[in-house]
Amino acid sequence: GRLLRVAAGTRDLGHDVRIVAPAESPLAERAPELGLPFIPLAFRGWRTWPAAFALARLLREHPADVLHAHGGRDHQVAWVARRMARVPFLVRTKHNHTPLKGGRLGRRVYAATDRVIAVSDFTRDLLLRDGIPDPKIRVVKTAFDLERVAPRPKDRDVQAELGLTDQHVVFGNVSRLAEEKGIEELLRAAALLRTQPGGERMRVVLAGNTPELWTSLVAELGLRDVVHLLPYRKDVRPLVSVFDVFVMPSREEALGTSLIEALAMGKAAIGARVGGIPETLVPGTGLLVPARDPQALAAAMGELLGDAERREALATAGRAHVVATYSLERLVGETVSIYDELRATIASA
């Protein structure tokens, strides 16, 4: 998503942009839809070098000023190809919160990278701790098509599918539903909240790639009539529309993309005080709780369960913050300014 947004915006500013990725990548379908040239490249593990040689040949045929990598494997391939094709500049966007990998070689790759873009202040701090020099790092927070994720009425078809009514207060999460997303804490918090006054109105909706991971815990906690475990949906907007509160109790989180999209849709939110989440849930836009703390999470959920006015106030403030912070224009402008900054060093040399 971010790669395509930046590429399309950069193209619209008059720059020549090409996207290179494996043929089976979702980019193969989505890039042409946006009018972006897509070139398939086989990645069979960078140590075999075919991807690097192929990319170098491509760069000789279509010279580039900047080669921009978005993942660990393509960063290493780009580093080798850049040296062979003599591309002036290499940029890497660090999207996640994992420590740098690759040992001495990985550090050589980063040392030869001209700029490293962090998607949050939290990610920037991780890069600094991993030894990346501060002058190389730029924080460029992600962006969203705010028209696409604008507030919308609750989807009546989804409500009917899940047996929900406007009398229910729906707490929801859309993610990979892995342990680090804090799903266990959310379920245990729901079990605590259910026994409190008004708890019978609570419903929890979880959607992601592995909902079956949580079936046994839902049964153990006696939440089968309260929790809906749903598989991943390509378009989650109708589902999120029925949420009253988006809950992100992650144990670790670089940024929290689904949280930002929920705020953009005008949802109140609760998040764990970890990673990049506090950068999004600034004071007045949502509730922050300690990670791995079901009791604190249940208290926050209970605070919003019976207070529709509070939910509305948080939702309004959260939407305003997202609009001011995560616009496409800002993302493209800040990224292109990094390219221009690098290219200007050629002109001044």
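Every number in this text was worked out from the coordinates using simple rules, so none of it is lab data. Note that the coordinates shown come from a computational prediction; the quantities given were computed from them, not determined experimentally. Don't worry about glycine lacking a Cβ; one is built from the backbone with ideal geometry, like all the others, and counts go over all protein chains shown.
With springs only between Cα atoms under 10 Å, which of LEU90, LEU13, LEU287 fluctuates most in a Gaussian network model of the chain?
LEU13
For the stretch 1-159, what is the percent of antiparallel DSSP beta bridges, rounded to the nearest 5?
That works out to approximately 0 percent antiparallel.
State the extension gain, in nm to one decimal, for the chain segment bounded by ARG310 and ASP125, taking 0.36 nm per residue of separation less the distance between their alpha-carbons.
63.3 nm
Placing +1 at every Lys and Arg Cβ and -1 at every Asp and Glu Cβ, with all other atoms neutral, what dipole size does the chain have around its Cα centre, in debye to the nearest 20?
Dipole magnitude for the chain comes out near 1460 debye.
In deg cm²/dmol and to the nearest 500, what is the mean residue ellipticity at 222 nm of the chain if only DSSP H runs of at least 4 residues count, each as -39500 (n - 2.57), divided by the residue total?
Per the formula, -13000 deg cm²/dmol.
In debye, nearest 20, what is the charge dipole magnitude of the stretch 245-349 about its Cα centre with +1 on Lys and Arg Cβ and -1 on Asp and Glu Cβ, if you could check?
That gives a dipole near 140 debye.
For the peptides 219-230, 267-278, what is the packing order when you average, over each peptide's residues, the other Cβ atoms within 10 Å and list the highest mean first?
Going from most to least packed, we get 267-278, 219-230.
Mean separation of Cα pairs under 8 Å and 6+ residues apart, divided by the residue count of the chain: what relative contact order is that in percent?
It rounds to 15 percent for the chain.
In the stretch 129-222, if the dipole is taken from +1 on Lys/Arg beta carbons and -1 on Asp/Glu beta carbons about the Cα centre, which of PRO133, ALA189, LEU217 is farthest to the positive end?
It is PRO133, whose Cα lies furthest towards the positive end.
Could you give me the ³J(HN,Hα) list for the stretch 157-162, computed from phi with Karplus coefficients 6.51, -1.76, 1.60 and θ = phi - 60°, whole Hz, x at Gly and Pro?
With coefficients 6.51, -1.76 and 1.60, one gets 5, 5, 4, 5, 4, 9 Hz.
Mind scanning LYS101/LYS267; LYS136/LYS267; LYS101/LYS181; LYS94/LYS154 and naming the pairs with a C-alpha gap bigger than 25 Å?
Going by Cα-Cα distance, LYS101/LYS267; LYS136/LYS267; LYS94/LYS154 fall outside the 25 Å limit.
On a 0 to 90 degree scale, rounded to 10, what angle separates helix 2-12 from the longest Cα axis of the chain?
For 2-12 against the chain, the angle is about 50 degrees.
Angle, helix 294-305 long axis vs. longest principal axis of the chain, Cα atoms, 0 to 90°, nearest 10?
70
Would you mind checking the tilt of helix 50-61 against the longest principal axis of the Cα atoms of the chain, expressed as 0 to 90 degrees and rounded to 10?
60
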